[in-house]
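The next block holds one structure in the form of structure tokens; read it before the comments.
Any read-out appearing in this document is the output of simple, stated calculations on the displayed coordinates, not a laboratory observation. Computed from a predicted model, the values in this text were never measured in an experiment. A quick note on method: Cβ atoms are made from the backbone with ideal geometry, for glycine too, and the neighbour counts reach across all protein chains shown.
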Amino acid sequence: MTSKTAKPPRLAVHHIVTCSRAVRDGHDHSGHVANAVYLDVPRMLAKDSRASLLRGQNPLFDVNTFIHQNDDVCMIVCKQYSCFEYHQTIHKNFTKYPVPSWINSMGPYDTRPWFYFLLEDAQLAEPYGEYITVCSDYLGDALTMLDQVMPKMNADAGLQKSLTAPYNYFYHHRTVMRAAAEGFSLAHQKVLGVLIDYFDVSQKSNFDEASEVFRRGNVNSKHFGKLFNAHDIVVRKEKDNGDLRAYQIESIDDAQVDQGALELHCWTWEFDGRFFKSYHDILVHGPSGEEISITELTVWPLRLDRPEVGDSLRQRGEMFWTLRHKKLVGYEAPALKDFEIRTVGPTQSMHYPVKC
């Protein structure tokens, strides 16, 4: 008698098509469903018209039933597609057929979409977004445990809130996550392995491209959200004197990242007879599109700057830190036109005027 062997954990991919149901730009979406889920990549096929729905061939009608029937699935990658935007992408692929005169006499309803057809299958749709849904208690527990040991990009966000493309957090931390998971149970390691392997495979070209841009000391709009990491030392040029000053990031607010901005919650040392931490919220705007040097930003990571910049800041900081104890650093004497050097002998004193 053999015991039933548990299936290894795996992921599933769901393709979610949303439609605005608009009648616009020669396309009629009014008869479409607002949301539909498929197990294959959606596309439009030969003989479809400008009133046809972007769809897959394997519809999924009940996600909860799918999860119940596939208990080895620990996570679902949800890829999002826009029916309207896809129609715009293939707009010129349609061939117009003659509209019978009797159709035009039926009233104001626009029948044009029904007389534009595809002669062949159109291209596969490209997702506009992606997120991951956790559907395994083991994976949920593993992420919660990692929350206790991993640095947070945002103080209020756990790892499960980071499971939305472009997965900036995992760009920095997926290798550390795998190492941290070695102390977990085998079941937790396996489900985390599914998640991290997915990032390593699906995001490899994206992550490698970002690393190459940063290696050159540059940044672009595509990878701006990956530029900063939790606890990074960052550099900013002071407005009053142009000197460089270092700050440490405590957390990052990426609520405005889609608008090309990040808010860095940082601290730095100040001295007012004693040392104390001074906290600052720094809003940094990324490039509009083209690749630029990181030093053109208002603040940038020290780890990506030239080594001599870090050396200079470190030396200045070490000297600054010695001021916590009283110490003579330098002295400027007032400028004098002349002063006297007096030598005293056993029987006389002599005065020598000296010009300065």
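Taking amide H atoms as placed 1.01 Å from N in the peptide plane, the amide H of residue 14 lies under 5 Å from those of 77, 78, 79, each 5 or more residues away in sequence or on another chain. When a/c is below 1.5 the answer is rounded, else prolate if a/b is larger than b/c, else oblate, so apply that to the stretch 10-131 with a ≥ b ≥ c taken from the square roots of the Cα gyration tensor eigenvalues. Prolate shape, in that a/c is at least 1.5 and a/b is the bigger ratio. Charge tally for residue 136 (other residues, Cβ to Cβ under 11 Å; Lys, Arg +1; Asp, Glu -1): -2.
A dipole drawn for the stretch 230-324 from +1 and -1 charges on Cβ atoms has a positive end, and of 322, 267, 284 the residue lying farthest that way is 322. Each residue in 86, 169 was given a count of other beta-carbon atoms within 10 angstrom of its own, and listing them fewest first yields 86, 169.
If you average the sequence gap of Cα pairs under 8 Å that are 6 or more apart and divide by the length of the stretch 218-266, what percent do you get for the contact order?
Relative contact order of the stretch 218-266: 30 percent.
Residue-wise HN-Hα couplings along the stretch 302-308, as the Karplus relation 6.51 cos²θ - 1.76 cosθ + 1.60 with θ = phi - 60° gives them from phi, are 4, 4, 9, 8, 5, x, 5 Hz; Gly and Pro carry x. May I ask for the net charge around residue 312, where only other residues with Cβ less than 14 Å from the Cβ of residue 312 are counted and Lys, Arg are +1 while Asp, Glu are -1? So the surrounding residues net to 0. Couplings 3J(HN,Hα) for the stretch 85-98, derived from phi with the Karplus relation 6.51 cos²θ - 1.76 cosθ + 1.60 (θ = phi - 60°), are 5, 5, 4, 5, 5, 9, 3, 7, 7, 7, 9, 7, 10, x Hz, where x marks Gly and Pro. Residue by residue, the stretch 201-213 carries 3J(HN,Hα) couplings of 8, 6, 9, 4, 5, 5, 5, 5, 5, 4, 4, 5, 4 Hz when phi is fed to the Karplus relation 6.51 cos²θ - 1.76 cosθ + 1.60 (θ = phi - 60°); x denotes Gly or Pro. All distinct Cα pairs of the stretch 136-202 go into the 1/r average, and the inverse of that average, the Kirkwood radius, is 12.0 Å.
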